[in-house]
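Written out below as structure tokens is the structure these notes cover.
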Amino acid sequence: HDAVLFGAIERRRTDRRRFCELPVHSTLLHALAVRAAELGAALHPVTEERARARLDAALAEAAAHQHLALGYTTELAIWTHRYAGARDGIPADSLPCLGAGPEGSGLGRFPRGRLASTPRRPSPCDDGAVLTVLTTPGDTTLDRLRAGEAASAVLLEATRMGLATMPLSQVLEVPHTRRRLRLDILGTPDHPQLVIRVGWAPPNAAELPPTPRRRLEAVLIPPY
């Protein structure tokens, strides 16, 4: 399985644009869930209308909460306006000029950039994305490691299928919205670790450029 996913590593991108209206078939969502289960996690597609509305509201509330946190907007500005040669951050060419969702939805927390969203101006009903939630049975360090491995596998499998993806973490970074996601939206004893937005990129949309990456020696401490 790892060998199959290896070829998707160089092609995987975080797509912050609005997706097209085509639905994601349940068989594809099931295949993504199987990938997560292989690594000790679960992937829950939030497709029921009322649950999706509650999740959208939780995302928006978390985004509003973080926007008021001291230093948060400054950190976003620094991360999206890195100096030349920084080899990290998100350049303007990878940020859409139109957000992934309506204003206040929490899906477009980064500043607007230079990436064209679609060949035409989208309407609020155009986006057929599915929000999925990755969960683990516990919330220990090992559970979070498994969640990271599962998230990697899910994102690469989606890339292999031709799907566009966008990880969303803000609803999990605010304690009361994370608790609401667990109890009121998913209704599960498991612990939510990441929201992954899955859908189809618009036809003829511009290809996403790769974002900068730090050198291996900057992030890996060799054993001595």
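State whether one or more residues within region 8-19 are open to solvent by 70 Å² or more (accessible area, probe 1.4 Å), assigned to a helix (DSSP H, G or I) and not small (Gly, Ala, Ser). Full working, then the answer.
Filtering region 8-19 down to residues open to solvent by 70 Å² or more (accessible area, probe 1.4 Å) leaves 9-11.
Add one more test, that the residue is assigned to a helix (DSSP H, G or I), and what stays is none.
Taking every residue of region 8-19 in turn, none turns out to be open to solvent by 70 Å² or more (accessible area, probe 1.4 Å), assigned to a helix (DSSP H, G or I) and not small (Gly, Ala, Ser).
Only one of these is aliphatic (A, V, I, L, M), closer than 22 Å to PRO91 by Cα, out of contact with any strand residue (DSSP E or B) (no Cβ under 9 Å at 6 or more places or on another chain) and surrounded by fewer than 16 Cβ atoms within 10 Å (Cβ to Cβ): LEU183, LEU216, LEU220. Name it. Before you say what the answer is, go through the steps one by one.
Working: LEU183 fails: closer than 22 Å to PRO91 by Cα; LEU220 fails: closer than 22 Å to PRO91 by Cα.
None of the other options fit; the residue is LEU216.
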Would you mention how many residues in region 76-90 are open to solvent by 80 Å² or more (accessible area, probe 1.4 Å) and either closer than 12 Å to PRO111 by Cβ or in contact with a His (Cβ under 7 Å, 6 or more places away or on another chain) (or both)? 3
For ALA58, only one of the following conditions fails: (1) in contact with a Ser or Thr (Cβ under 7 Å, 6 or more places away or on another chain); (2) outside any helix (DSSP H, G or I). What is its number? (2)
Residue check, THR211 within 30 Å of ILE9 (Cα to Cα), assigned to a loop (DSSP other than H, G, I, E, B) and of a type in the set (Val, Ile, Thr): yes
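Yes or no, residue by residue, for (1) modelled with pLDDT of 95 or more; (2) under 19 Å from the mean Cα position of the chain (by Cα); (3) within 22 Å of HIS25 (Cβ to Cβ); (4) aromatic (Phe, Trp, Tyr):
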| residue | (1), (2), (3), (4) |
| --- | --- |
| GLY128 | no, yes, yes, no |
| LEU145 | yes, yes, no, no |
| MET161 | yes, yes, yes, no |
| THR165 | yes, yes, yes, no |
| GLN170 | no, yes, no, no |
| GLN193 | yes, yes, no, no |
| GLY199 | yes, yes, yes, no |
| LEU220 | no, no, no, no |
Condition check: open to solvent by 70 Å² or more (accessible area, probe 1.4 Å) and under 21 Å from LEU32 (Cα atoms). Does ARG144 satisfy that? yes
Expected output for region 191-209 (first residue without any contact (Cβ under 8 Å) to a residue 60 or more places away in the chain, partner among the polar types (S, T, N, Q) and open to solvent by less than 40 Å² (accessible area, probe 1.4 Å), Cβ below 9 Å, 6+ apart or cross-chain) is HIS191/THR135; HIS191/THR136; PRO192/THR135; PRO192/THR136
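The values are calculated or read from the model by the stated rules, or taken from the named source; none is laboratory data. Worth saying up front: this structure is predicted, and the values here are computed from it rather than measured. Cβ coordinates were reconstructed from backbone atoms using ideal geometry, including for glycine residues, and neighbour counts include every protein chain displayed. The protein model used for the area step is the full one, side chains on, heavy atoms only, and it has no ligands, DNA or RNA in it. Shrake-Rupley method; radii C 1.70, N 1.55, O 1.52, S 1.80 Å.
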